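Only the coordinates and a few stated rules stand behind these numbers; no lab work does. What you see is a predicted model, and the numbers here were worked out from it, not measured in a lab. Cβ placement follows ideal geometry from the backbone for every residue including glycine, while neighbour counts extend to all protein chains displayed.
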Amino acid sequence: MTPNRIRLGLNIDHVATVRNARGGSAPDPVRAARQAIEAGVDGITAHLREDRRHVLDKDIWALGDLCNELNTPLNFEMAVTDEMIGIALKLKPHAVCLVPERRQERTTEGGLDVAGNTDQVGEATARLKAAGIRVSLFIAADAAQVSAASDIGAPVVEFHTGALCDTWRAGEMTLFNDEMRRLEWAANLAHEVGIEVHAGHGIDYDTVSFISKISQIRELNIGHFLIGEAIFTGLNASIRRMRYLMDAARL
Ligand code: PXP
C-alpha cells in the first residue's frame, strides 16, 4: 500500500439528481454506492438537503444499512439545523460533515462560517461528538476558520477546493497559484493544531494530483466528476483511475 495513502470518499448525490429528474427509482444511488465500494472507495458521502433535491430520506437510511453491511464509513453531509442533527443522531453515521446550505445555490458554495457562528456550530459539534460521530467542518482555507474549528474542538476540517479547481480549469494561473498556497498553508496550520485535514469540491483527474501532493491531507471527497466520467467509462473505471492518480501523486 502507498505510504500516507489518502482515503477516497465518493459523493453519491449526483446519482440521486439524475434519478429525481424523472421521479422514478433509476438510477439507484444505493446500487451505485455498492458498486463504488466494490471498486475500492473508502467511504460514501451523501448530503441530505433541506429541500431534498437529490438524496431523499429513504436513501440516507438505505445508504446507512449498506455501509453497515459492507463495513464502510458513511459521511453524512448536512446543514447545522435541528432537523438534520435529529436525523444524524438516529442514523449514527461514521461521520458528519457540517456544510453551509442555501436554497438558491446549485451546489455548496463557499465554506461554513465557523468563526461567525461559533455557538451554533460548537453546540452541534458537541452533540454529534457525544454520540460518537466524527465531525468534520467544511470550511474555506482560511486561518480564522481553522482557528475557530480548533476552538470548538472539531476533530476534522474539509477544505473547499472549488475555487482552486475552477481557476485551474480556466487557466488563471496566478489565481490558481494563490489558491494552492492558501490550501497548503491552511492544511499545515490545521495539522499543527491537531485537526485531521480533508478536501473536496470540484476535483477532477487534473486537479487531484496537485491536491494529493499536500501531505497533510488524509481524505478527498469527490462526486460530480466521477459520476459524470462514469457515463463514458463506467463507475468502476472512473474510481480506479482517480485512485491511481491519488496514489501516484503521493509516491
Ligand atoms: N465535499 C463537500 C462538503 C461537498 O458539499 C461536495 C459537493 O457535493 C463535495 C465534497 C464533492 O464535490 P464535487 O461533487 O464537486 O466533487
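Things to note:
- Descending Cα extents along the principal axes, the stretch 182-251, whole Å: 41, 23, 17
- Surface/4 estimate of mean projected area, convex hull on alpha-carbon atoms of the stretch 119-190, nm²: 5.0
- For the stretch 110-115, 3J(HN,Hα) computed residue by residue from phi via the Karplus equation (6.51, -1.76, 1.60; θ = phi - 60°) reads x, x, 6, 8, 5, 4 Hz, glycine and proline entered as x.
- Farthest toward the positive end of the dipole of the chain, out of VAL197, THR125, GLY64, is the Cα of GLY64, where the dipole comes from beta carbon charges about the Cα centre.
- Fraction of the pair-distance distribution of the stretch 70-191 above 19 Å, Cα-Cα pairs, percent: 50
- ARG7 versus THR174: modelled label distance in nm, points set 7 Å from Cα along the beta carbon direction: 4.0
- Nearest-0.05 FRET efficiency for ASP206 and ASP119, computed from C-beta distance (R0 25 Å): 0.05
- Across the stretch 188-202, coupling constants 3J(HN,Hα) worked out from phi with the 6.51/-1.76/1.60 Karplus curve, θ = phi - 60°, read 5, 4, 4, 4, 5, 8, x, 9, 6, 9, 10, 8, x, 3, x Hz, and Gly and Pro carry x.
- Label-to-label distance, GLU50 versus ALA143, with points set 7 angstrom from Cα along the beta-carbon direction: 3.3 nm.
- The magnitude of the dipole of the chain, with charges of +1 and -1 set on the Cβ of Lys/Arg and Asp/Glu and taken from the Cα centre, is near 740 debye.
- Virtual spin-label span in nm between ALA130 and PHE232, 7 Å along Cα→Cβ: 5.0
- When every Cα-Cα distance of the stretch 155-213 is counted in 5 angstrom steps from zero, the calculated P(r) takes the values 4, 20, 31, 24, 13, 6, 2 percent.
- Directionally averaged projected area (the chain, Cα convex hull): 12.9 nm².
- Across every pair of non-identical alpha carbons in the stretch 115-251, the mean reciprocal distance, once inverted, gives a Kirkwood radius of 15.8 Å.
- In Hz, Karplus ³J(HN,Hα) per residue of the stretch 152-161 (6.51, -1.76, 1.60; θ = phi - 60°; x = Gly, Pro): 8, x, 6, x, 9, 10, 10, 7, 6, 9
- The stretch 80-146 versus the stretch 177-251: alpha-carbon centroid distance in Å: 21
- Available extension along the chain between ARG106 and LYS90 is 3.0 nm, counting 0.36 nm per residue and deducting the alpha carbon span.
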